[in-house]
Amino acid sequence: MSIKEKISADLKDAMRARDQLRLDTLRSVLSAFTYKKDALGRELTEQDELDVLSKLVKQRADSIEQFGKAGRQELVEKESKEKEIITAYLPAQLSEAEVREKIKAIVAGLEPGQANQGAVMKAAMPQLKGLADGNLVKKIVGEVLAG
């Protein structure tokens with residue numbers, strides 16, 4: 001069962017349960033899938049679907065931060081719940097220690113003198129896409145290269 005099929009099935013369950021927040025969130029995810037499909041002009045692959053979900057989670061995280069700064073606690077709670085719903089469809093995220101080990105292996109695999117942040121990020125992101133937040137990867141790359 002694809003991610004989209006799972007979300008569609010969960011959408012029907014949310015309708016039956018009259019869970020309005022979950023219903024609205026899942027509808028927005030399916031809508032984002034449709035926009036992405038139209039933009040690409042082809043059916044979405046599982047990786048495309050994961051990219052859309054990651055983008056939606058990142059948007060929610062940014063909104064939570066902005067609403068927190070503005071003192072809008074009710075919106076922070078709503079966005080947090082939406083983020084939690086969407087995150088359930090993503091693969092489990094790697095821990096900071098696991099990301100650090102992968103980054104160290106990538107740095108060790110580069111030729112001496114090529115271990116700069118750009119080269120390491122270029123090698124790391126395809127391997128860690130969807131498994132770790134890009135900001136976390138960037139932070140750890142900086143720490144590992146700093147020694």
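The values are calculated or read from the model by the stated rules, or taken from the named source; none is laboratory data. Computed from a predicted structure; not experimentally measured. Counting neighbours? That spans all protein chains shown, and the Cβs are built from the backbone with ideal geometry, glycine included.
Mind checking which residues of region 66-82 are of a type in the set (D, E, K, R) and either surrounded by fewer than 18 Cβ atoms within 10 Å (Cβ to Cβ) or closer than 17 Å to residue 49 by Cβ (or both)?
Across region 66-82, the qualifying residues are 69, 72, 74, 77, 81.
If residue 93 passes every condition in (1) without any contact (Cβ under 8 Å) to a residue 12 or more places away in the chain; (2) surrounded by 13 or more Cβ atoms within 10 Å (Cβ to Cβ) but one, which one does it miss?
Status for residue 93: all satisfied but (1).
Could you tell me which of the residues 26, 53, 40 is more than 22 Å from residue 133 (Cβ to Cβ), in contact (Cβ under 8 Å) with a residue 24 or more places away in the chain and surrounded by 11 or more Cβ atoms within 10 Å (Cβ to Cβ)?
Just one listed residue meets the conditions, 26.
For (1) in the same structural domain as residue 30 (by TED's automatic domain parsing); (2) under 28 Å from residue 2 (Cα atoms); (3) under 19 Å from the mean Cα position of the chain (by Cα); (4) modelled with pLDDT of 90 or more, each residue gets a yes or a no:
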{"site": "54", "(1), (2), (3), (4)": "yes, yes, yes, no"}
{"site": "75", "(1), (2), (3), (4)": "yes, no, no, yes"}
{"site": "113", "(1), (2), (3), (4)": "no, no, no, no"}
{"site": "117", "(1), (2), (3), (4)": "no, no, no, no"}
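Please work out which residue is surrounded by the fewest Cβ atoms within 10 Å (Cβ to Cβ), limiting yourself to region 1-23 and to residues that are assigned to a helix (DSSP H, G or I) and touching a residue at least 24 places away in the same chain (Cβ under 8 Å).
The residue in question is 21.
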